[in-house]
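Report on the following structure.
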Amino acid sequence: MNAFLSKHRSLASWLILLGLVALVLMVLVAPLLDRHEKYQFELARDGRTLQRFQSIAGSRGQLEIAHRQFQERGLGQWVFPAATAPAAIELDIQRRVSDAIATSKAQVRSIAPLNAQSRNGYMTIGVRATFSGSMPNVMGSLDRLESSLPLLVIQDFRINPSLVRARPNAPEEQLVEVQMSVVTFVPVDAGGGAQ
């Protein structure tokens, strides 16, 4: 019986020794496997980044052609020059809006600057205008603003009748009051200012 117990003890000791060796291997191998997975993830991410850079490098010729066409067609007139200060852009927009309204024979009620806002790499600069006039006068003002360069964008446009035609002695033309924002977009440099 002693021989039987000693065999079981030796078998139990071998099993305990194998268990300890397996535990030590797991403790040593688990961090290595984790590190291997991290390296594989980083390699895959770097591979995607490299593909993006290669596609950008591959499209360099197309970008140069587009830049040359931009300059040849005079598309630079569509935007404000890069060195223009935001305050100067705001003043120019205010002047152009008041000129367009006055030229169309509409009446300016107010023109006030909007707070410049930076979003997604661009700064929005503009004015809030309120004016009134007949529909042909309003349309003339809008046409002048939309066709002028550098490009202006009309936002938050509201139009309300200021004189109801239901009266028997109402004037022929319906007068309306217009509220709108007129803005432009200027690229922002890394320091947060307009380029």
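Assorted remarks:
- Given charges at Cβ of Lys, Arg, Asp, Glu: the stretch 1-101 dipole, positive-most of ILE56, LEU17, ALA44: LEU17
- A P(r) calculated from all alpha carbon pairs of the stretch 1-148, with 5 Å bins opening at zero, reads 2, 7, 8, 8, 8, 8, 7, 6, 5, 5, 5, 4, 4, 3, 3, 3, 3, 3, 2, 2, 2, 1, 1, 0 percent.
- What a 1.4 Å probe finds exposed on the stretch 1-125 is 63% carbon and sulfur by accessible area, rounded to a whole percent.
- Extension gain (nm, one decimal) between ALA12 and ASP46, 0.36 nm per residue minus Cα-Cα: 7.2 nm
- Cα long-axis angle, helix 135-147 against the chain (0 to 90 degrees, to the nearest 10): 50 degrees
- Rounded to 5, the percent of DSSP beta bridges in the chain classed as antiparallel: 100 percent
- Summed side-chain charge close to ILE154 - residues other than ILE154 whose Cβ falls under 14 Å, Lys, Arg +1, Asp, Glu -1: +1
- In the full protein context, the stretch 12-75 carries 93 Å² of accessible surface per residue, based on a 1.4 Å probe and ignoring ligands, DNA and RNA.
- Within the stretch 43-111, trypsin sites (Lys or Arg not before Pro) in DSSP loop having at most 13 other beta-carbon neighbours inside 10 Å: ARG73, LYS105
- Helix-derived mean residue ellipticity, 222 nm - over the chain, DSSP H n ≥ 4, -39500 (n - 2.57), to 500: -18500 deg cm²/dmol
The values are calculated or read from the model by the stated rules, or taken from the named source; none is laboratory data. All figures in this text were calculated on a predicted structure; none of them were measured in a lab. No Cβ is skipped: glycine too gets one built from the backbone with ideal geometry, and neighbour counts run over all protein chains shown. Note: areas computed on protein heavy atoms with side chains; ligands, DNA, RNA excluded. Shrake-Rupley method; radii C 1.70, N 1.55, O 1.52, S 1.80 Å.
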